[in-house]
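Enquirer: Take this structure, written in structure tokens, and hold onto it; I'll ask about it next.
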Amino acid sequence: MLTEDLIIRNPLQKIIGAGNAVPKGGFGAVLARAGVGKTAFIVQVAMNGLLQHTNVLHISLGEPVQKVALWYEEVFRNSTGQNAPAEMAKLWESILVHRFIMTFQKNDFTAPKLEERLADLTEQAIFLPQIILIDGLSFAPPQIELINQLKNLAEKLQLRFWFTIRTHRDETPGQNGLPVEMLPLADLFSVIIALDPRGQEVDVCLTKGGVTQPKPPTLRLDPSTMLVRQQ
């Protein structure tokens, strides 16, 4: 069956498993410079969960819903390849019921506002997320109060949070690849994945946590599709 095949072949299974590498109430992070592929990667984290019937709330700061939805369509199309159109359409419809996209303006995003909107979704039985992705949150300067509030929210609601974090070419990374100014927050993250561009390729480096293996696999982003591939 297409679903099982996609799950088995997904290289992300080897570093984040079914998504439980980040515990309930925990944080995961994807680090990269601008334009390297953070959004493409975080969408694949989401797809890894969606294929396993996990409800994923994708929060985009500054991008419209339609643009985020196009990322999912492109990742799905590239992942499924030349499979039968009818089977692909059926699978796509089954995925959509587990995904919800929410947008905020960057300067209008707060933990209390997120909690309020989550309450609206759940109390009306519209959507009950299990994983929340936050793409586009600025960590420079580090928003320690906001991140701690989001951590409290994650623990309160027993949700798994993933963030994209922008790094910069001229900065020296600190522990686990985090920007130096974010080191006070390092212990909040259970899993940290860095996207490291090397020429035309982008290495996927598991720098903290993840699925326990004797040796982490060598993963890269395919430059033509931006899909994660094992070398």
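Enquirer: Filter the stretch 190-221 down to residues that are of a type in the set (Val, Ile, Thr) and surrounded by fewer than 21 Cβ atoms within 10 Å (Cβ to Cβ) and give me whichever is modelled with the lowest pLDDT.
Expert: THR212
Enquirer: Just to be sure, is LEU183 at pLDDT below 95, part of a helix (DSSP H, G or I), hydrophobic (A, V, I, L, M, F, W, C) and open to solvent by 10 Å² or more (accessible area, probe 1.4 Å)?
Expert: Numbers: at pLDDT below 95: yes; part of a helix (DSSP H, G or I): yes; hydrophobic (A, V, I, L, M, F, W, C): yes; open to solvent by 10 Å² or more (accessible area, probe 1.4 Å): yes.
When the stated conditions are applied, LEU183 passes them.
Enquirer: Mind telling me which of the residues PRO129, PRO142 ends up being modelled with pLDDT under 85 and either within 20 Å of LYS24 (Cα to Cα) or touching an Asp or Glu at 6+ places or on another chain (Cβ under 7 Å) (or both)?
Expert: PRO142 is the lone residue from the list that is modelled with pLDDT under 85 and either within 20 Å of LYS24 (Cα to Cα) or touching an Asp or Glu at 6+ places or on another chain (Cβ under 7 Å) (or both).
Enquirer: How about the stretch 60-172: which helices (runs of 4 or more DSSP H) wholly inside it have at least 2 residues that are of a type in the set (Lys, Arg), surrounded by 14 or more Cβ atoms within 10 Å (Cβ to Cβ) and within 15 Å of the chain's Cα centre (by Cα)?
Expert: Passing ranges: none, list empty.
Enquirer: What are the residue pairs meeting all of these: first residue in the stretch 158-169, first residue over 15 Å from ASN148 (Cα atoms), second residue among the β-branched types (Val, Ile, Thr), Cβ atoms under 8 Å, and 6 or more apart or on different chains?
Expert: Note: pairs meeting the criteria are THR164/VAL30; THR164/THR39; THR164/ILE42; THR164/ILE134; ILE165/VAL30.
Enquirer: Which one is farthest from the chain's Cα centre (by Cα), of the residues in the stretch 1-52 that are outside any helix (DSSP H, G or I) and β-branched (Val, Ile, Thr)?
Expert: The residue in question is VAL36.
Enquirer: Evaluate the following for VAL45: is it farther than 16 Å from LEU91 by Cβ and open to solvent by less than 30 Å² (accessible area, probe 1.4 Å)?
Expert: yes
Enquirer: Out of the residues in the stretch 1-34 meeting the condition of being of a type in the set (Gly, Ala, Ser) and open to solvent by less than 30 Å² (accessible area, probe 1.4 Å), tell me which one is farthest from ARG160 (Cα to Cα).
Expert: Once the filter is applied, the top-ranked residue is ALA32.
The values are calculated or read from the model by the stated rules, or taken from the named source; none is laboratory data. Everything numeric in this text was worked out from a predicted model, so none of it was measured. Heads up, the Cβs are rebuilt from the backbone with ideal geometry, glycines too, and the neighbour counts pull from every protein chain shown. Note: accessible area is taken over every heavy atom of the protein model, side chains too, but ligands, DNA and RNA are not part of it. Shrake-Rupley method; radii C 1.70, N 1.55, O 1.52, S 1.80 Å.
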